[in-house]
Amino acid sequence: MSTSAFVKRPIVGHIALLSSVTLFAANGSVSKSLLISGIDAAQLSQIRVTGAFAILIVLALIFVRKELKLKLNEIPKFLSYGIVGVALVQYLYFVAINRLDIGVALVIEYTAPVLVALWARFGEKDKVKQRVWYALAITILGLSLVTNLWGGFTLDGIGVLAAGLAAISLA
């Protein structure tokens, strides 16, 4: 099935969106419960990343098998992305939510799109449209409202550091 087949069937996108929202909503609470029950952040990261890999490799083998080829020069980038962009983000997120309220950890971690925009603007010297900055501000504000940040919270230095590093890794 080519990617153009997905474009012709928007229901697939709608199902993916609803699934994503549902899983995202459940993720923090389930993860926090598992951490409280005694599973440490490294174990939970390993379970999550391995499970996601197993599911995604099966789906990729079914739907996009021809695109599962890596050139030799792509392997370092592939491994770096897997370690820094996937495994490290998961681990740092779990450390953060283990030490902070989930909402606080998420607000810090989801500054990642702001970091990307800042990198594009100042690192790459690209012009970032004003509407992108507005969208980022609205997103952070919305996440802050949904997570009830004004309800009071305590900060843990290691938790804040882990969430900040998760944001950088995610970016």
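The values are calculated or read from the model by the stated rules, or taken from the named source; none is laboratory data. Keep in mind it's a predicted model, so treat the numbers as computed, not measured. Because the Cβ atoms are built from the backbone with ideal geometry, glycine has one as well, and the counts that use them run over all protein chains shown. Heads up: the accessible areas ignore ligands, DNA and RNA and are worked out on the full protein's heavy atoms, side chains in. Shrake-Rupley method; radii C 1.70, N 1.55, O 1.52, S 1.80 Å.
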**Asked** Going through the range 32-86 one residue at a time, which ones are closer than 16 Å to residue 99 by Cβ and modelled with pLDDT under 90?
**Response** 32
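So that you can scan it fast, the table gives a plain yes or no per residue for (1) modelled with pLDDT under 95; (2) in a helix (DSSP H, G or I); (3) more than 18 Å from the chain's Cα centre (by Cα); (4) on the phi > 0 side of the Ramachandran plot:
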residue: 139; (1), (2), (3), (4): yes, yes, no, no
residue: 145; (1), (2), (3), (4): yes, yes, yes, no
residue: 155; (1), (2), (3), (4): yes, no, yes, no
residue: 165; (1), (2), (3), (4): no, yes, no, no
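Among the listed residues 92, 115, identify the single one that is assigned to a helix (DSSP H, G or I), under 20 Å from residue 32 (Cα atoms) and under 17 Å from the mean Cα position of the chain (by Cα).
Values: 115 fails: under 20 Å from residue 32 (Cα atoms).
Just one listed residue meets the conditions, 92.
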**Asked** Within the bounds of the range 103-126, is there any residue that is free of Cβ contacts under 8 Å to residues at least 24 places away in the same chain, more than 26 Å from residue 82 (Cα to Cα) and open to solvent by less than 50 Å² (accessible area, probe 1.4 Å)?
**Response** no
**Message:** Considering only the range 77-87, I want to know if a residue exists there that is among the charged types (D, E, K, R), farther than 20 Å from residue 33 by Cα and either in a helix (DSSP H, G or I) or open to solvent by 30 Å² or more (accessible area, probe 1.4 Å) (or both).
**Reply:** yes
**Prompt:** Tally time: how many residues in the range 26-73 are closer than 20 Å to residue 106 by Cβ, among the polar types (S, T, N, Q) and open to solvent by 50 Å² or more (accessible area, probe 1.4 Å)?
**Reply:** 2
